[in-house]
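Student: Got a structure here, written out as structure tokens. Questions coming.
The values are calculated or read from the model by the stated rules, or taken from the named source; none is laboratory data. This is a predicted model, so every value here is computed, not measured. Cβ sites come from the backbone with ideal geometry, for glycine too, and all protein chains shown count toward neighbours.
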């Protein structure tokens, strides 16, 4: 086969050289030794990046946690959060579905489901407003003073499962327009004081939400699920529905919103998950 | 810099009275680097990936009335512990798979963190590999060709007959090809980068299912993209097993080739045949 017939995609014969056998032996020895050293270093370096629990299970008693390891692994989380933030656009909406595509949504309270006794006395507190005073709203005023929007969207859990559900509620953006946050605010701290841990003890849930995402047209303060008022399992009487974020940001039974300038604490970020959680 | 070695080596070998060894350049430096880096990266991705899988298994059934177990991978672990000698007293049979093929059960947060780190490094490494394939011209050797089906059949027949030929001590000729790889190798070495590309695409589809919802739609939506991502992992696992066995069967020259870049199993007659 000559070069013309071979064309651009045709395989070329491998380039060949005559090499002094002694030079060849020396180079080979050096490269193989370097390779071996590199392989050992990689094995040790990459192995130490494994979680401590895994290393302990493998029989390694020594604590391999170090500040460098944390820095590297958290760096990956930070880069991934930055990527997610770059991908976010207030104009890009998430897909919506038809009622026939609705799937069951399980009660995924992390701990015990709260006793519904809190619902009649429930109110929402707004803090960090431009007016400088706190505002307290009950569910009736939220539902009558704001227009209610419906959407059928997918809720995606960090664990990998998802559910398509029919929601209705007021837009977070409308609340922000009616009660503007203080000018330097970039974040909302979203809280639920009724959250419980697995043994039923109070375990207040708190979550950070950037105001850019709060202003997304599909970010709702949901009051209804599948055409009915929210039940206690789904965060009655008011939950956050932010479909551009993982489910863990969709706080149930919100009791307080605080607008702040600095990124507030986040329940799951403190447990090793990422901060931004944009999907 | 093996590219330089060979050049230096050539100048050394131009001394007229010294008989040289004929070597062929097989793998570009960047291809070799990315090849070996894939070992820890893929291991990290698989171990953390199965830990992530644990938190919401794709393959589930109705919860067992006695144990509450719904995970097929847990069933397999229970089966293994019941049937494999020495494992009858394993402390937690449903976790056997996760204890042996992942970082462990109940490790979602550390698994996700490690998975993102490995995934970004995997994408960078893929770019390094592509750069090496272009710089060294190696990409041409990976492309499928029209004769592949026939040649793959020849190789297949060779492998099928090989054990019997060895047992009966008969001659069993390896089919002759004048290409870098035979058709079976080419199919494998072409599929693996493709699987890498699809793993990255399905990974993004399930990692950012809202921003990349059109990408998820290509794979049949969010849930289907998770299934794709899971089975693409098995492409790597199923590739690695024969890959490692065959490289050892093929011998030191092939293994060394991926470290030093050149091969010494080139015959002078072949070179002249190629030059003509």
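Student: Considering only helices (runs of 4 or more DSSP H) fully contained in segment A:1-84, which possess at least 1 residues that are out of contact with any strand residue (DSSP E or B) (no Cβ under 7 Å at 6 or more places or on another chain), modelled with pLDDT under 90 and closer than 30 Å to residue B:148 by Cβ?
Tutor: A:3-6
Student: Can you pull out the residues in segment A:257-279 that are assigned to a strand (DSSP E or B) and either within 12 Å of chain B (Cβ to nearest Cβ) or crowded, with 19+ Cβ neighbours inside 10 Å (or both)?
Tutor: A:257, A:258, A:259, A:278
Student: Condition (residue is free of Cβ contacts under 8 Å to residues at least 40 places away in the same chain and more than 21 Å from the chain's Cα centre (by Cα)) applied to segment A:159-176: is it met by at least one residue?
Tutor: Within segment A:159-176 (the criterion being free of Cβ contacts under 8 Å to residues at least 40 places away in the same chain and more than 21 Å from the chain's Cα centre (by Cα)), the answer is yes, since at least one residue qualifies.
Student: Okay, moving on. Being within 30 Å of residue B:107 (Cα to Cα) and out of contact with any strand residue (DSSP E or B) (no Cβ under 9 Å at 6 or more places or on another chain) is the filter here; which residues of segment A:144-186 pass it?
Tutor: A:158, A:159, A:160, A:161
Student: Related question: Just the residues that are surrounded by 16 or more Cβ atoms within 10 Å (Cβ to Cβ) and either more than 14 Å from chain A (Cβ to nearest Cβ) or under 11 Å from the mean Cα position of the chain (by Cα) (or both), please, taken from segment B:225-238.
Tutor: Scanning segment B:225-238 gives B:232, B:233, B:235, B:236.
Student: When the residues of segment A:79-106 are filtered to those that are within 23 Å of residue B:119 (Cβ to Cβ) and more than 10 Å from every other protein chain (Cβ to nearest Cβ), which remaining residue is surrounded by the most Cβ atoms within 10 Å (Cβ to Cβ)?
Tutor: Looking at the filtered set, the residue picked out is A:85.
Student: Facing another protein chain (nearest Cβ under 9 Å) and outside any helix (DSSP H, G or I): which single residue out of B:104, B:86 fits that description?
Tutor: Checking each option against the conditions leaves just B:104.
Student: Next up: So which helices (runs of 4 or more DSSP H) are wholly in segment B:124-224 and hold at least 1 residues that are within 12 Å of chain A (Cβ to nearest Cβ) and surrounded by fewer than 16 Cβ atoms within 10 Å (Cβ to Cβ)?
Tutor: B:213-218
Student: Still on this model: Please indicate, with yes or no, whether at least one residue in segment A:205-222 is farther than 27 Å from residue A:83 by Cβ, in contact (Cβ under 8 Å) with a residue 60 or more places away in the chain and surrounded by fewer than 21 Cβ atoms within 10 Å (Cβ to Cβ).
Tutor: No, segment A:205-222 has no match at all.
Student: Still on this model: Based on this model, can you work out whether residue A:111 counts as more than 26 Å from the chain's Cα centre (by Cα), more than 14 Å from every other protein chain (Cβ to nearest Cβ), part of a loop (DSSP other than H, G, I, E, B) and surrounded by fewer than 17 Cβ atoms within 10 Å (Cβ to Cβ)?
Tutor: Judged against the criteria, residue A:111 is not a match.
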